[in-house]
Structures are given as structure tokens and as C-alpha cells.
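Chemist: Pasting in a structure now, in C-alpha cells, and then I'll have a few things to ask.
The values are calculated or read from the model by the stated rules, or taken from the named source; none is laboratory data. All values reported here derive from a predicted model rather than from experimental measurement. Ideal geometry is used to build each Cβ from the backbone, glycine not excepted, and the neighbour counts take in all protein chains shown.
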Amino acid sequence: MFSDKEEFKRAFSEKLEAIQGKKMESATDVDAYRALGSLMREEINRNWSQTNKHYMDSKEKQVYYFSMEFLMGRLLGNNLLNMQLLTVIKNGLDELGFSLSEIEEEESDAGLGNGGLGRLAACFLDSLASLGYAGHGYGIRYKYGMFDQRIIDGYQVELPDQWLSREFVWEVRRPDEAIEVRFGGKVEMVNHKGVPLKCKHFDYEQVRAIPYDVPIVGYENETVNTLRLWSAESNDDDTLKKASHQSGSDSFLEHKRSLEEISEFLYPDDSHEEGRRLRLKQEYFLVSAGVQSAVRNFERLELPLALFPEHAALHINDTHPALVIPELMRVLMDEKGLGWEEAWRITQSSVSYTNHTTLSEALETWPVGLVRTLLPRIFMIINEINERFCQTLWEKHPGEFDRIASLAIVADGVVKMAHLSIVGSHSINGVAKLHTDILKEREMKIFYDTFPERFNNKTNGITHRRWLMHANKPLSRLISESIGEQWMQKPDYLQDLLKNKNDKSFLHQLGNIKQQKKEELAEFIRGYTGLVVDPSSIFDVHIKRLHGYKRQLLNALHIMHLYNELKENPNFNMTPRTFIFGAKAAPSYHFAKRVIKLIHTVADVVNRDPMVNDRMKVVFLENYSVSLAERIIPATNVSEQISTASKEASGTGNMKFMMNGAITLGTMDGANVEIHDLVGDDYIYAFGLSSDEVLEFYRNGSYSSRQVYNEDDRARHTIDQLIHNSPFSKGEMEFRDIYDNLLMYNDEYFVLKDFASYIDTQSQISKDFLDAHLWNKKSLVNIARSGKFSSDRTIQEYASDIWKIQPSGILK
Ligand SMILES: *Cc1c(COP(=O)(O)O)cnc(C)c1O
């Protein structure tokens with residue numbers, strides 16, 4: 001594109017004038033962001049149309065990754081990296097008096113997701129394009145993404161995320177590709193000589209799904225895939241016709257609003273389903289638009305429908321898009337005229353499903369009445385799938401009523417979306433070894449016993465391009481200086497770093513880079529919060545959604561405990577630490593919000609107390625997001641991954657930290673188990689109950705938090721401070737609910753049970769950190785072993801085991 005920086009500078013200044021009407025001297029960073037985005041789009045568009053043409057001509061199989069969430073973050077820096085334009089453009093901008101990093105700040109952080117699940121989808125898109133696979137995302141273009149978190153007096157306040165108020169330069173609106181989606185109405189079977197022949201759907205409400213396409217640029221190849229985000233609009237003619245039947249002058253606008261509401265908000269609950277009508281509308285909106293568009297793309301190949309599964313794979317990210325199954329059945333039967341058997345074969349061979357959690361509160365079920373009124377035809381099809389499924393079970397296991405009842409898709413007045421997903425797809429995968437084992441042996445055991453061949457594991461991953469090459473350039477440079485650049489294409493080569501395991505000078509350089517990143521973060525913290533932190537202290541970081549099972553409370557109680565130790569014994573030998581938190585709580589999650597308040601209270605007490613605050617500080621960084629994660633992770637020494645064992649399906653934050661040389665302090669949960677397997681006991685701080693122990697306690701009910709409280713002085717003393725007169729409670733009852741949760745309600749997440757083990761492990765960390773050589777060696781081994789967690793590895797496994805696709809010919 002730009003062979004040198006002079007050429008770039010010329011093009012940039014022309015673009016600035018052409019689209020912003022400004023000369024260089026008066027251009028702001030926003031002008032520069034728009035001009036740069038527009039220049040890059042020209043280059044991207046060339047490869048985009050080439051890629052699409054290639055996919056059409058070769059007729060190769062296309063993967064459609066359906067996800068209600070895509071937590072993309074900013075794209076400018078990542079696109080520059082993948083397009084190999086970073087150096088030319090950075091230097092060119094410098095000479096023109098702009099700073100690339102400041103221009104990057106002008107882009108809004110696309111937060112169309114809650115956390116891990118949405119970020120996984122974003123990492124997968126990057127890997128699909130970078131490996132040259134024909135894989136695309138289908139999602140919703142929420143007008144407001146994940147809420148903006150503000151902390152006021154220690155309490156979380158949610159503001160709408162107005163991410164579109166700044167122009168998002170990457171999207172292209174494509175009204176010519178719009179799809180009609182139908183809700184409500186009535187369904188009749190048209191009979192011919194007593195045989196139901198065709199389904200007639202009428203009196204429905206119609207919503208127009210308009211695609212906004214975002215190009216997904218592959219790394220150093222010419223592949224540009226598509227993230228297609230659907231936006232709901234009313235078809236004004238249709239709406240007007242409807243409204244004219246109703247009285248009242250507002251009915252047109254009201255009706256229009258009620259349709260457009262569908263793509264307005266992202267539901268801000270992570271691992272928790274609310275079961276709201278609008279949410280079901282959102283799910284069907286995505287699914288119907290996506291399925292119809294995938295079928296339309298297939299029809300452009302002019303092949304018989306029976307070949308659909310050889311040319312399209314529909315993947316569902318958790319059960320949120322599970323209606324893909326009945327929707328594809330509907331399109332194939334009602335619109336394309338196929339019979340049930342053929343439609344079912346096509347559907348099952350095209351659809352695959354990823355399970356993300358075993359938490360019961362996260363399992364989606366929809367009341368039968370709601371599905372029937374909102375989606376009458378889909379409801380009929382689900383019922384038919386259920387009846388046929390139960391019938392085959394009956395033939396296989398005659399008389400086993402209990403088995404059939406527990407496997408049924410429709411039962412107890414609800415539609416069970418996980419059951420629908422399993423029955424309607426050919427592959428079901430968990431997201432880490434432990435999680436898949438728990439699915440097979442416990443949570444989905446009866447399904448596993450029925451369809452063992454469908455179950456498989458795909459341990460999650462993260463894109464090393466964003467999380468290492470983009471977020472930590474000095475570290476990337478050091479790695480390449482030592483082992484060459486192959487690791488960028490094949491991250492397994494990071495293992496070659498192990499040759500430096502005992503190299504004093506290399507480990508010293510590694511330590512220096514961490515130090516530099518910590519200084520940058522300390523500076524950022526000063527600007528963001530006003531707090532001054534010591535960059536030579538241990539940076540101990542706990543960033544993720546706030547949830548009971550993620551146990552931010554355990555971390556907070558440990559800080560209270562350390563504070564007590566320092567107050568009681570001012571000579572208590574403690575390696576200085578900076579505790580850093582970032583976490584959003586779902587707006588309706590009362591307990592999680594109390595924990596946020598507790599962290600702020602603890603921070604207040606600690607940070608204001610001159611007796612301790614030369615040795616500890618507590619920082620809460622508000623509005624945790626992808627761009628904040630990119631700043632924090634490279635500067636971390638200790639990665640807090642302390643979920644109650646068995647509860648965190650995989651985690652992906654743990655992988656980002658490992659790749660950036662932080663040491664995991666974690667339970668044997670999710671992918672922490674696999675980190676442990678890769679690095680060995682000496683390079684991870686593992687503590688706490690095992691998942692088997694936790695599950696055994698749940699089964700036999702023998703855990704008593706009261707007993708731990710009675711026997712463990714450190715735990716009792718700390719817990720009591722939540723409600724008794726103490727610097728943390730100040731005699732108020734703010735933390736009574738937390739106290740009750742731990743004692744009256746028997747501590748569902750085993751915080752007290754793991755408290756002692758956590759304190760002891762933290763104290764070992766304090767000792768080990770003082771030996772810089774030892775610590776840097778731990779850091780090195782973690783980086784070297786982290787290649788497995790590149791999402792490139794994960795995507796290659798999905799490609800060969802589930803989707804049966806090969807890299808496309810476009811890959812250079
Ligand atoms: C990676 C990431 C997550 C997931 O973190 P976990 O620790 O695995 O829960 C959540 N939010 C953001 C912004 C992320 O980048």
C-alpha cells in the first residue's frame with residue numbers, strides 16, 4: 001500500500017483535506033483518526049472484495065459463527081499490525097506532529113459483549129482471518145453496548161455506552177442485503193386431502209434486519225473476512241399499514257420504536273439469564289437474519305440444497321443462538337419445500353454448539369407460552385423435534401420414563417435451550433479439559449451416554465496478535481531478538497525461549513520490560529484515579545466480571561487480613577504490593593455490587609493510612625474493558641484466577657496474563673489446570689479445594705462455613721470486621737449481606753474454606769518476589785509455554801474436528 005512514509009504522508013494530507021476539509025496544521029486527533037481510518041479502508045476494501053470473490057468462485061465451505069456478543073475493543077492498532085503498516089504509519093504520523101497512540105484513543109472501544117464469551121468470539125474472528133479460513137461472525141449491532149461504569153462514593157453507577165456517538169469508521173451499512181424477520185401472528189397448516197401440506201403464517205409483525213459489515217483483517221495475508229452485525233429497523237410502509245388499523249396519532253411512532261428497540265441494548269448479565277421477552281426477540285432476530293442470509297449466500301452458488309452442509313457450517317456460541325436449529329428447519333421446509341427428514345439431516349449436519357458454563361442460573365429456558373405467542377411457527381417445529389426425539393429414545397430405551405423426561409427439550413412448561421442445542425447439532429464442545437470432563441461425567445452425563453460421539457473438548461485461546469504483539473511491543477521485540485520471528489506465525493515457537501531459562505542477562509532484560517510496563521501503568525493510574533502507586537511493588541491484579549464464583553471477596557478479605565497484620569505488628573515483614581481490581585457487576589446483582597463497595601471501602605482505609613500505605617495500596621480501575629485490559633495485563637506480576645474450583649469453565653484472562661509473563665495465583669479450575677500441566681508446580685501458585693472436593697461437598701452437603709469460622713482465627717477476625725465496629729464497617733450495616741452470605745447461607749463459593757490456603761500462598765509469593773532472578777525465570781517459563789493458548793491453535797482444532805474446513809487458497 002504505502003511503500004514508504006513519504007507516500008503515506010502525502011496520501012494522508014490529501015485524505016484529511018478531502019474528507020475533513022482541513023489542512024494539516026488545524027487537524028485534530030479526531031480528524032486524523034477519520035482520515036487514517038478512511039485510508040486504511042481503501043486498502044482493506046480491495047482485499048475484502050477479492051476475498052469474497054474467491055469464496056464465491058471456489059465455493060468453499062463458509063463458517064458462520066453466531067454469537068449474541070462480540071467484545072471487539074478498538075480495531076485501529078490491530079488492523080495496522082495485521083496489515084504490516086505499523087512502522088510506516090507511526091513514523092509518518094510522528095513527522096506530521098501526530099501521536100499514533102493518541103489517535104488510537106479517539107476510537108471508541110466496541111464493547112458489544114459482557115466478558116469472556118464475547119471476547120472469545122472476537123479472538124476467534126482474528127484467528128480465522130489470520131489463518132486464512134472462510135469464517136465470519138454474525139451478531140447484533142447494539143446501539144448501546146456494555147454499560148459505562150462509574151464509581152460514585154464507592155458505589156457502581158451505570159451509564160449508557162454511547163459508542164456510536166463517535167464515528168465507527170470500520171462498518172459499512174448494506175441495506176441491499178437486508179432480511180425480513182417475523183414475530184407473532186398465526187399459523188395454519190393448509191391441508192390437501194387431510195394431509196398437512198404447507199404452513200401458512202399470517203398477521204405477523206415484520207422487522208427489517210439491516211447488516212452493518214465490519215471487515216476482519218487477517219495477519220499478513222490478503223484475507224478479509226466479515227463480522228456482520230444486524231440492526232433492527234422498521235419497514236415504514238408495513239408499520240404505517242399496521243398503524244392505520246389502530247387509533248391514536250402516536251401509534252406509528254410507538255410501533256416503529258417497539259421494533260427498533262430489538263437492537264438497542266446489550267443485556268448486561270454475564271453467566272445469568274433473566275428470561276426477558278425482549279431478550280428472546282433479540283435472539284430470534286439474530287438467528288433468523290443470520291440463517292436466511294447464510295442460505296441466500298449458499299443459493300448464490302447454484303447448488304442443490306442437499307449440499308448445504310458441505311458449504312456452510314453454523315456454529316452457536318452458547319445456547320443464545322440455539323433457535324438456529326428450528327429456524328433452519330423452517331426455512332428449508334416452509335420456504336424451500338423440503339420434507340422433514342431431509343431438512344433435519346441438513347440442519348444437524350450444519351450446526352455445532354459450544355457450551356460455556358455449568359452454572360444452573362446461566363442455563364437458558366424459555367416459558368412455552370412466550371415462545372408460542374412470539375414465535376408460533378418456531379414453537380411448532382421445536383415441539384415436533386421434541387416429539388420425534390422422545391420417540392427415538394423410547395425405541396432405544398423402552399420403559400425408561402425418567403431418562404426420557406430428563407432428556408426432553410420441552411418439559412415442565414419450558415423449552416430447554418441446551419437440550420435443543422445438543423439434539424439439533426452434530427458437535428458439542430466444552431471450553432477446557434476439566435469443563436468438558438464435568439459436562440461428560442456430570443452435568444450432561446445422560447446426553448453424553450446417549451450421544452458420546454458428539455462430545456469433544458476445545459480449550460479456549462486468545463489471539464497472541466492483540467494480546468502480545470499489539471499490547472506489549474517491547475516484550476515482542478525482546479522475544480524476536482532472542483528466537484527470531486517465527487513465533488508470530490506459529491506461537492508454539494515461543495518454547496524456544498526456554499534456552500534463556502538460566503541466562504542472567506536475558507532474565508534481567510525481561511524484568512526491565514515488566515518494570516517499564518509497570519511504570520507506564522503507574523503513570524496511567526495517577527491520571528485515571530489520582531493515586532500514586534509504587535512501581536517496584538508487586539502488581540497483583542484481579543480483573544474480570546464481578547461474580548460470586550470469581551471470588552473477588554476472597555481477595556478483598558486477604559487485603560483486610562494483611563492490613564490487620566501490619567496494624568498489629570508494624571514490623572511485619574511484607575513485600576510491598578499494589579492490589580489492582582477492575583470489574584463490572586450486573587446492574588441487578590446486589591451481592592456483586594456490595595463487593596465493589598467493600599473493595600472501595602478497603603481501598604479507602606488502606607490508602608489513607610500512612611502506617612501501611614508505603615507497603616500496600618488498593619486500586620480499583622473503573623469501567624474495565626478491552627482497552628483497559630491491554631494496559632494492565634503487560635504490567636502484571638500476579639494474575640488472580642481464584643474461582644471456586646469447578647465453576648470457571650475455562651477463563652481466558654488467565655491466558656493473556658501468562659503470555660505477558662505474569663505468574664498465575666489460581667485454583668485448579670478451568671484452563672488453570674492446563675497452565676499447571678504446561679509449566680509444572682514451580683511456575684504457578686496453585687491453592688485451594690480441587691473441583692472434585694468442591695463437587696463432593698455439594699453432593700454430600702458436609703461443608704460448614706460456621707465450623708471454619710469457629711476454628712480459623714484469621715478468618716473469624718477478618719469476617720467479623722465486616723459487621724462489628726472496625727475501620728471497614730464503621731459500625732454501619734453495609735456489609736451485613738456479605739457476612740450473612742458467608743455464615744448464615746453457608747458460603748456457597750467456599751471463600752472461608754480456601755482462606756487459609758490463599759493467605760499462605762500469597763505469603764510465599766511475597767518471599768519469592770524478592771528474588772528477582774527466580775521471579776523472572778518463572779515469568780520466562782510462563783511466556784515460553786503459553787503458545788498453546790493462542791486462539792490459532794483453538795481455531796485449527798475447530799476447523800479440522802468440527803467444521804471440516806481447510807485454509808483457503810488466498811493465504812499468501
Ligand atoms: C479477557 C477478558 C475477559 C475474560 O476474563 P476472565 O478472567 O477469563 O473472566 C473479560 N473482559 C475483558 C474486557 C477481557 O478482555
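Chemist: For segment 470-544, please list each of the helices (runs of 4 or more DSSP H) lying entirely inside it that holds at least 3 residues being away from the ligand (no atom under 16 Å from the Cβ) and exposed (fewer than 15 other Cβ atoms within 10 Å of the Cβ).
Modeler: On the way: elements: 473-483, 486-489, 504-529.
Ranges flagged: 473-483, 504-529.
Chemist: Picking from Glu327, Glu387, which residue would you name as being of a type in the set (Asp, Glu), more than 30 Å from Tyr549 (Cβ to Cβ) and surrounded by fewer than 16 Cβ atoms within 10 Å (Cβ to Cβ)?
Modeler: Testing whether each residue is of a type in the set (Asp, Glu), more than 30 Å from Tyr549 (Cβ to Cβ) and surrounded by fewer than 16 Cβ atoms within 10 Å (Cβ to Cβ) leaves just Glu387.
Chemist: Of the residues that make up segment 687-702, is at least one closer than 30 Å to Asp604 by Cα and free of Cβ contacts under 8 Å to residues at least 60 places away in the same chain?
Modeler: There is no residue in segment 687-702 that is closer than 30 Å to Asp604 by Cα and free of Cβ contacts under 8 Å to residues at least 60 places away in the same chain.
Chemist: Sticking with this structure for a sec: Identify, from the list Pro491, Pro474, Pro452, the residue that is of a type outside the set (Val, Ile, Thr) and farther than 28 Å from Gly115 by Cβ. Please lay out each step first, then the result.
Modeler: Details: Pro491 fails: farther than 28 Å from Gly115 by Cβ; Pro474 fails: farther than 28 Å from Gly115 by Cβ.
Of the residues listed, the single one that is of a type outside the set (Val, Ile, Thr) and farther than 28 Å from Gly115 by Cβ is Pro452.
Chemist: Still on this structure, I have one more. Could you tell me whether Asp126 is over 15 Å from Gly37 (Cβ atoms), more than 16 Å from the ligand (Cβ to nearest atom), assigned to a helix (DSSP H, G or I) and not polar (S, T, N, Q)? Give the derivation first.
Modeler: Values: over 15 Å from Gly37 (Cβ atoms): yes; more than 16 Å from the ligand (Cβ to nearest atom): no; assigned to a helix (DSSP H, G or I): yes; not polar (S, T, N, Q): yes.
Judged against the criteria, Asp126 is not a match.
Chemist: Cβ-Cβ below 8 Å, separation at least six or inter-chain, first residue in segment 96-123 and free of Cβ contacts under 8 Å to residues at least 40 places away in the same chain, second basic (Lys, Arg) and more than 16 Å from the ligand (Cβ to nearest atom): which pairs?
Modeler: Correct list of pairs: Leu100/Lys90.
One line per residue, one yes/no per condition, for (1) out of contact with any strand residue (DSSP E or B) (no Cβ under 9 Å at 6 or more places or on another chain); (2) buried (at least 19 other Cβ atoms within 10 Å of the Cβ); (3) under 18 Å from Tyr219 (Cα atoms):
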{"position": "Glu17", "(1), (2), (3)": "yes, no, no"}
{"position": "Gly21", "(1), (2), (3)": "yes, no, no"}
{"position": "Asp29", "(1), (2), (3)": "yes, no, no"}
{"position": "Arg34", "(1), (2), (3)": "yes, yes, no"}
{"position": "Lys53", "(1), (2), (3)": "yes, no, no"}
{"position": "Val63", "(1), (2), (3)": "no, yes, no"}
{"position": "Phe70", "(1), (2), (3)": "no, yes, no"}
{"position": "Leu76", "(1), (2), (3)": "yes, yes, yes"}
{"position": "Gln84", "(1), (2), (3)": "yes, no, yes"}
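Chemist: If you take the residues in segment 330-371 that are touching a Ser or Thr at 6+ places or on another chain (Cβ under 9 Å) and modelled with pLDDT under 95, which one is surrounded by the most Cβ atoms within 10 Å (Cβ to Cβ)?
Modeler: Thr357
Chemist: Please enumerate the residues belonging to segment 598-608 that are over 25 Å from the mean Cα position of the chain (by Cα) and in contact (Cβ under 8 Å) with a residue 40 or more places away in the chain.
Modeler: Answer for segment 598-608, where residues must be over 25 Å from the mean Cα position of the chain (by Cα) and in contact (Cβ under 8 Å) with a residue 40 or more places away in the chain: Leu598, His600, Thr601, Val602, Asp604, Val605, Val606, Asn607.
Chemist: While we're looking at this one, here's another question. I'd like to check something: does segment 412-426 contain any residue that is modelled with pLDDT under 95 and surrounded by fewer than 19 Cβ atoms within 10 Å (Cβ to Cβ)? Break it down into steps so the answer makes sense when it comes.
Modeler: Of segment 412-426, the ones modelled with pLDDT under 95 are 412.
Checking which are surrounded by fewer than 19 Cβ atoms within 10 Å (Cβ to Cβ) leaves us with 412.
So far as segment 412-426 goes, yes, one or more of its residues are modelled with pLDDT under 95 and surrounded by fewer than 19 Cβ atoms within 10 Å (Cβ to Cβ).
Chemist: Same structure, new question: State whether one or more residues within segment 584-591 are within 12 Å of the ligand (Cβ to nearest atom), within 20 Å of the chain's Cα centre (by Cα) and at pLDDT 95 or above. Walk me through how you get there before you give the answer.
Modeler: The first filter runs over segment 584-591 and keeps only residues within 12 Å of the ligand (Cβ to nearest atom), leaving 584.
Remaining after also requiring within 20 Å of the chain's Cα centre (by Cα): 584.
Those still in the list that are at pLDDT 95 or above too: 584.
Within segment 584-591, one or more residues are within 12 Å of the ligand (Cβ to nearest atom), within 20 Å of the chain's Cα centre (by Cα) and at pLDDT 95 or above.
Chemist: Further, regarding this structure: Which condition breaks for Phe572 when tested against (1) aromatic (Phe, Trp, Tyr); (2) assigned to a helix (DSSP H, G or I); (3) free of Cβ contacts under 8 Å to residues at least 12 places away in the same chain?
Modeler: Of (1) aromatic (Phe, Trp, Tyr); (2) assigned to a helix (DSSP H, G or I); (3) free of Cβ contacts under 8 Å to residues at least 12 places away in the same chain, only one is false for Phe572: (2).
Chemist: Among the residues of segment 355-376, is any in contact (Cβ under 8 Å) with a residue 60 or more places away in the chain, within 30 Å of Asn460 (Cβ to Cβ), in contact with a Pro (Cβ under 9 Å, 6 or more places away or on another chain) and in a helix (DSSP H, G or I)?
Modeler: The first filter runs over segment 355-376 and keeps only residues in contact (Cβ under 8 Å) with a residue 60 or more places away in the chain, leaving 355-359, 361-367, 370-371, 373-376.
Add one more test, that the residue is within 30 Å of Asn460 (Cβ to Cβ), and what stays is 355-359, 361-366.
Going one step further and asking which of them are in contact with a Pro (Cβ under 9 Å, 6 or more places away or on another chain), we end up with none.
No: zero hits.
Chemist: Give, as residue ranges, the strands (runs of 3 or more DSSP E) completely inside segment 167-257 that count at least 3 residues that are at pLDDT 95 or above and crowded, with 18+ Cβ neighbours inside 10 Å.
Modeler: Answer list for segment 167-257: 179-183, 205-217, 224-234.
Chemist: Has segment 738-756 got any residue that is under 30 Å from Trp487 (Cα atoms), in contact with a Gly (Cβ under 6 Å, 6 or more places away or on another chain) and crowded, with 18+ Cβ neighbours inside 10 Å?
Modeler: no
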